[in-house]
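Structure record follows, encoded as C-alpha cells.
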Amino acid sequence: MTLTSTLPAPDTAAQQHSEQLLNHIKQKITDAGGKLTFAEYMNLCLYAPGLGYYSAGSYKLGKHGDFTTAPEISSLFSRTLACHIKDVFQQLEQKNILEFGAGSGKMAADILQKLEADHCLPEHYYIIEASADLRQRQAVAIKKHIPHLFDRVEWLEIIPENFSGVILANEVCDAMPVHCLHFNNGKVNELHIENKGSMLQWCEGELSQPLLADLAAEIQSVIGNIDYTTEVNLAAEAWIASLADNLKCGAIFVIDYGYDQKNYYHPQRDKGTLMCYYQHQGHDNPLILQGLQDMTAHVNFTSLAQSAIDNGLEVVGFQSQADFLLAGGILELSSSDSDTDEWLMLQQANEIKQLTLPSEMGENFKVLTLGRNLEQVLPRVLLADRRYSL
C-alpha cells in the first residue's frame, strides 16, 4: 500500500480543479441534509460533468496517466479478443460490436484490423463512452490508425434495442460507483461521507436502499459475525439487466479484476477492495485528490452472473484472463508476428507475461462470458472454465 504522504503533489492547475470539485461535493452534501452515500460521492468524483475524473480532460492511460490497461500493454490482447468475437460472429446473421468505455480507442482499432484480416468485419462498431474528452481522443486515434474503417465506428449514448452482436466491457464494472457496508457483531450500517469543517470524513448510517438489506443478509451469511467492511456494486447489476433488455442475440465479454463470491468475501478482505490510483501509485484514501485520481473496487463476478441469469442471459463461461487469452490463440498470434523479427519476439514475450502471468494480470483479471440465443457452444471459453466456482 502506498502511503498518501508519498504521493506526488498535484500542480497548481490540478489542485485548483480538485478544490473546485471538492466545493461542489460539499454543496451536494449540504443539499442532501449533511451526508452522501459513498456511491453518490464516488459518482461525483468520477463523473461530475466537467469536473469528475472521467469527465475532465486529464489523460488517464499509459505512462503519463494513472493506470495502464491490457489493450495499452499489447495489441495481442485485442487481437486475441477478436478471435473470440469471430467465434460468436460465425453464429450471427447481424454482426455488430458494442464497446463500453473504449479508453484511448486502441482496442477498437486493433480489433477491427484483426477482423478485417480475417474477413469478418462487423457492420457497426458502436462505442458508449461517458467522457466527452475520451470520445474525441478515440475518434482521433481510430481515424489515424484505420481511416478506411472509420465510417463503421459510431458513438452512442444508449444501448441499441434488439442488438445482435458482441458487447465488450474491459475494466468497466470496477469503475462503477459502489455502496460501502460495515458489518459488526451481526449488525450492518452503510458508510457515508460527511463534511466536518473543511474536511470530508466517513460516517455510518442506515442502509440507503431496501435492496441493500437483502444483499447484506446474504453477505452476513458468508462472513459470519465479524467486523467486516465491503462494497456492493448495485450499478453493475443494473447494467447487466440493461444489457439483457437489449441483447437479441450474441455474447457479452466482461473483463475485469475480481473474484467469485466466496473469495470476494474472504476473511483477509475485511477492509474491502476499494482502491485509488494517482500517477500509477495505489492507495486506499478516496477522500483526497477529488477529480484527480481513479477509484475502483474489485468485481463480484458471482453477483454479475446471478444478475445475468435473473434477466434471461446464459452464463457461457468464466475464466482467468490468462486462460481466456491462451484459448484465444495469443501464443499463435505472437508466433506468426515474430517469425522473422527477433526483437519483436522478445517484446511480445514480455507483453504476454504481463497479460498472463499469475503475478501480473493473468489471475487477478477474469473474463465472464454471457450469451443469448447462441445455438452452439463457444469452445474457446470452455478451456479451464470456472463456472463451478460461481
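The values are calculated or read from the model by the stated rules, or taken from the named source; none is laboratory data. Model, not experiment: these values are computed from the prediction. Positions of Cβ are generated from backbone atoms using ideal geometry, with glycine treated the same way; all protein chains shown enter the neighbour counts.
Here are the numbers:
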{"read-out": "Residue identified as in contact with a Gly (Cβ under 9 Å, 6 or more places away or on another chain), more than 24 Å from K86 (Cα to Cα) and not in a loop (DSSP other than H, G, I, E, B) among Q220, Q201", "value": "Q220"}
{"read-out": "Boolean, S104 is crowded, with 18+ Cβ neighbours inside 10 Å, polar (S, T, N, Q) and at pLDDT below 95", "value": "yes"}
{"read-out": "Residues satisfying the stated conditions in region 119-145, i.e. part of a helix (DSSP H, G or I) and more than 19 Å from D294 (Cβ to Cβ)", "value": "Q136, A139, V140, A141, I142, K143, K144, H145"}
{"read-out": "Lone unmet requirement of (1) assigned to a helix (DSSP H, G or I); (2) surrounded by 18 or more Cβ atoms within 10 Å (Cβ to Cβ); (3) among the charged types (D, E, K, R); (4) modelled with pLDDT of 95 or more for E116", "value": "(2)"}
{"read-out": "Any hit, region 239-254, residues being farther than 30 Å from F89 by Cα, in contact with a helix residue (DSSP H, G or I) (Cβ under 6 Å, 6 or more places away or on another chain) and assigned to a strand (DSSP E or B)", "value": "no"}
{"read-out": "Lone unmet requirement of (1) in contact (Cβ under 8 Å) with a residue 12 or more places away in the chain; (2) exposed (fewer than 14 other Cβ atoms within 10 Å of the Cβ) for K144", "value": "(1)"}
{"read-out": "Sole exception among (1) crowded, with 16+ Cβ neighbours inside 10 Å; (2) outside any strand (DSSP E or B) for Q319, by number", "value": "(2)"}
{"read-out": "Residue in region 1-52 that is surrounded by the fewest Cβ atoms within 10 Å (Cβ to Cβ), counting only those that are among the β-branched types (V, I, T) and closer than 16 Å to K196 by Cβ", "value": "T30"}
{"read-out": "Cβ pairs under 6 Å, 6+ apart, first in region 342-356 and in contact (Cβ under 8 Å) with a residue 40 or more places away in the chain, second outside any helix (DSSP H, G or I) and surrounded by 13 or more Cβ atoms within 10 Å (Cβ to Cβ)", "value": "Q348/S338; E351/S74; Q354/E360; L355/M361"}
{"read-out": "Residues located in region 162-182, provided they are under 22 Å from D245 (Cβ atoms) and touching a His at 6+ places or on another chain (Cβ under 9 Å)", "value": "G165, V166"}
{"read-out": "Sole exception among (1) of a type in the set (D, E, K, R); (2) more than 22 Å from F365 (Cβ to Cβ); (3) buried (at least 16 other Cβ atoms within 10 Å of the Cβ) for E342, by number", "value": "(3)"}
